[in-house]
Structures are given as C-alpha cells and as structure tokens.
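To keep things clear, I will list the structure first and then write my remarks on it.
The values are calculated or read from the model by the stated rules, or taken from the named source; none is laboratory data. Since this is a predicted model, take the numbers as computed values, not measurements. Quick reminder, even Gly has a Cβ in these numbers, built from the backbone with ideal geometry, and neighbours come from all protein chains shown.
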Amino acid sequence: MASTETTTADAPAEPAGTQHDLAGLEAGLDALETTQSGRVPLREKLVKKALPPLTAIVVVLAVWQGLLTFDIVTDPAKLPSPSAVWAEAEDAWYKGTLLGYIETSVSRGLVGFLLALAIGTPLGLIVARVRFIRTAIGPTLSGLQSLPSVAWVAPAVMWVGLNGSMMYLVILLGAVPSIANGLVAGVDQVPPLYLRAGQTMGAKGLSGARHILLPAALPGYLAGLKQGWAFSWRSLMAAEIIAYIPGMGQGLGQLLENGRTNSSMAQVFLGILLILIVGIVIDLLIFSPLERRVLRSRGLLVKS
C-alpha cells in the first residue's frame, strides 16, 4: 500500500541565499537598534551643544569690538565697548542691584505667565470645541496677537491704576491670546478617531479633555506656551519701561529706562543683554526640555 506521508524531501527547496539574506537583515536591525539606544558620552554632548552658541557669542563680541577698533563707529555714546558694558555690570553687582533687577522681572514674568496659562488653557479648549464661540471670538484672538504689547500699558494704567496689578494685566492681555490660539491649533490637528475612541471608552466632557484632547494636542499646545511666554516677557518689559511703580522694586525695564534718563548707553546695552539672557535661559531650562520630552515620547526625536 502506498504511503500517504509527506516527507521533507518533497517540499520545495529554500534558495541558498535566503538564509544568508535573513541573517544579514537581522544583524543590520540589531546594529541599528544598538546605535539608537546607545548613549552619547557627556563630553561629546557638551561639545555639540555648548560649542556652537559659545562660538556665536565670540563672533558677535569680535564684530562688536571691531566696529570700535576700526573706527566704523566713532561715537561711544552710540555704541559702547564690550568692556564698558562689562564695567557697568560689575558696578551694578558691587552695588547689589544687578540680581535685584533680574529677580524682580523674572518673578513678575513667571507669575503673570502662570495666570495667563490658567486663563488661556480653558479659553482655548472652549474656542476649539464650541463652534459658535469659535466663530464669535476666534478671529479676535488671532488679531490680538498682532497688537503690540506696549498698546496695553496706557489702558491698563487707567483701568487698575499704577500698581502691581497693572503689570499682570498687561501680561495677561499679551499672553492669553497666544496660549489659547496655540491650543486651538493643537486641537485642530487631533485625529477625530482619537475623540471617537475616547467617547466610546467613556471619556467625555472634562474627562475627555484631560485624558484625550490635551495629550493629543500637546505639541501644538507647547508651541503656544512658548509663544505665550515670549509675549509675557515682551509685555512686561514694555510695562516696566513706560510705568515705574515706586516701592515695588525695579526690573530690567526700569534699568533700560534709567540708562536712557542718565544718557548711559552702557547701561542701556546692559539692560538689553540681561533681557536677552533671561529669555534664553528660561527657554533652555523649561521649554526646550519639555519639547524634547514630548517629541521623544512620540518617536519624533531619536537623538538625545
């Protein structure tokens, strides 16, 4: 009787190069995974991240000093030397006022930004999800972003008087539209499938906004937060330059105004540099790490 068993010899023979190709592909994937998961040495990371900005600073200082050395700018009252600005910083340091300028402005800016965050976030959610409200005030929010921050100083003084509340009101009027619009843009990019899946699982109303909408809209929301901080900082500087509040400390805006009043261009440049440095430090310490973390969690940032 003929056997009905099928032997392995009857199966089609596997091409000779197939196993070699599969082994090569597996080795390549392993190598790729190893390369991505390997950590960059600290020294190399510091060189890559610190060297470019330091080089840029050196170039700017060299060009700045060159304008004076080669008599391209001959009037020190218009462009002080880097050494004159440094001397002004040393003088403020020894007088004990340098850190006071920075602390006053940074504390005002952060408090104002947190208030803008508390108002702009729910406002952005409402505008993004309620069609009638979006049609009614959406264009106004976008238009407010183009309004210069300095325009709010005069009405803020008349509304609440020359006090600390005026500073925070100017910050709110400048930052809230940016935060709200950033969140609206982030919500618009959320796939509708996410929202339907969340509703199916019972995430509706505030629960859906907290667990589905905000996490999905986080990249756009973070962009709005960065822009909101920039508007907060600019609005605060405008308020401090124009309106001085006796007895409430002097910020970096007052430092600029004092330099103008005293006809000290070195003091003016010191104020400009400190405003720039504070803005860069806040971005590097707060917003850039948050942005990298969000991008990495979504697989959009491979290298650390």
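For the range 76-98, the criterion of a residue being at positive phi and outside any helix (DSSP H, G or I) is satisfied by at least one position. Filtering the range 77-91 to residues that are closer than 17 Å to Leu255 by Cα, within 31 Å of the chain's Cα centre (by Cα) and hydrophobic (A, V, I, L, M, F, W, C) leaves Val85, Trp86, Ala89.
Tally time: how many residues in the range 204-220 are at pLDDT below 75 and not in a helix (DSSP H, G or I)? It would help to see each step written out before you state the result.
First pass over the range 204-220, keeping only residues at pLDDT below 75: 204-211.
This time we only want the ones that are not in a helix (DSSP H, G or I), so: 204.
So the count comes out to 1.
Can you find a residue in the range 254-273 that is under 23 Å from Leu117 (Cβ atoms) and in a helix (DSSP H, G or I)? No - not one qualifying residue is present in the range 254-273. Filtered by the rule that a residue be under 19 Å from Gln267 (Cβ atoms) and at pLDDT below 90, the range 68-90 gives Leu68, Val73, Asp75, Pro76, Ala77, Lys78. Identify the residue in the range 139-169 that is among the β-branched types (Val, Ile, Thr) and over 18 Å from Gly224 (Cα atoms) and, among all such residues, is nearest to the chain's Cα centre (by Cα). Top of the filtered list is Val150. Checking each residue of the range 231-244 against the condition of being within 30 Å of Ile272 (Cα to Cα) and surrounded by fewer than 18 Cβ atoms within 10 Å (Cβ to Cβ) gives at least one match. Summed over the range 184-203, the residues that are surrounded by 13 or more Cβ atoms within 10 Å (Cβ to Cβ) and either of a type in the set (A, V, I, L, M) or not in a helix (DSSP H, G or I) (or both) give a count of 6. Here is a check on your reading of the model: is Ala209 in contact (Cβ under 8 Å) with a residue 12 or more places away in the chain, farther than 30 Å from Ser146 by Cβ and small (Gly, Ala, Ser)? Considered against the rule, which asks whether it is in contact (Cβ under 8 Å) with a residue 12 or more places away in the chain, farther than 30 Å from Ser146 by Cβ and small (Gly, Ala, Ser), Ala209 comes out as no. In the range 290-302, the residues that are outside any loop (DSSP other than H, G, I, E, B) never reach a residue that is modelled with pLDDT of 80 or more and among the acidic types (Asp, Glu) with C-beta atoms less than 6 angstrom apart, at least six apart or across chains. Filtering the range 158-179 for residues that are of a type in the set (Val, Ile, Thr), in a helix (DSSP H, G or I), modelled with pLDDT under 85 and in contact with a Phe, Trp or Tyr (Cβ under 8 Å, 6 or more places away or on another chain) leaves an empty set.
Given the criteria hydroxyl-bearing (Ser, Thr, Tyr) and either part of a helix (DSSP H, G or I) or modelled with pLDDT under 55 (or both), does Thr18 qualify? Considered against the rule, which asks whether it is hydroxyl-bearing (Ser, Thr, Tyr) and either part of a helix (DSSP H, G or I) or modelled with pLDDT under 55 (or both), Thr18 comes out as yes.
Return the residues of the range 57-76 that are under 24 Å from Leu252 (Cα atoms) and either in contact with a Phe, Trp or Tyr (Cβ under 9 Å, 6 or more places away or on another chain) or among the aliphatic types (A, V, I, L, M) (or both); say none if nothing qualifies.
We begin by selecting, within the range 57-76, every residue under 24 Å from Leu252 (Cα atoms); these are 57, 60-61, 64, 76.
Matches in the range 57-76: Ile57, Val60, Leu61.
Residue count for the range 106-134, restricted to those that are under 13 Å from Trp229 (Cβ atoms) and either without any contact (Cβ under 8 Å) to a residue 24 or more places away in the chain or not in a helix (DSSP H, G or I) (or both): 2. Among the criteria (1) more than 30 Å from Val176 (Cβ to Cβ); (2) of a type in the set (Asp, Glu); (3) assigned to a helix (DSSP H, G or I), the one Asp71 does not fulfil is (3). Screening the range 50-97 for residues that are touching a residue at least 24 places away in the same chain (Cβ under 8 Å), closer than 30 Å to Gly247 by Cα and not β-branched (Val, Ile, Thr) and picking the one that is surrounded by the most Cβ atoms within 10 Å (Cβ to Cβ) gives Glu88.
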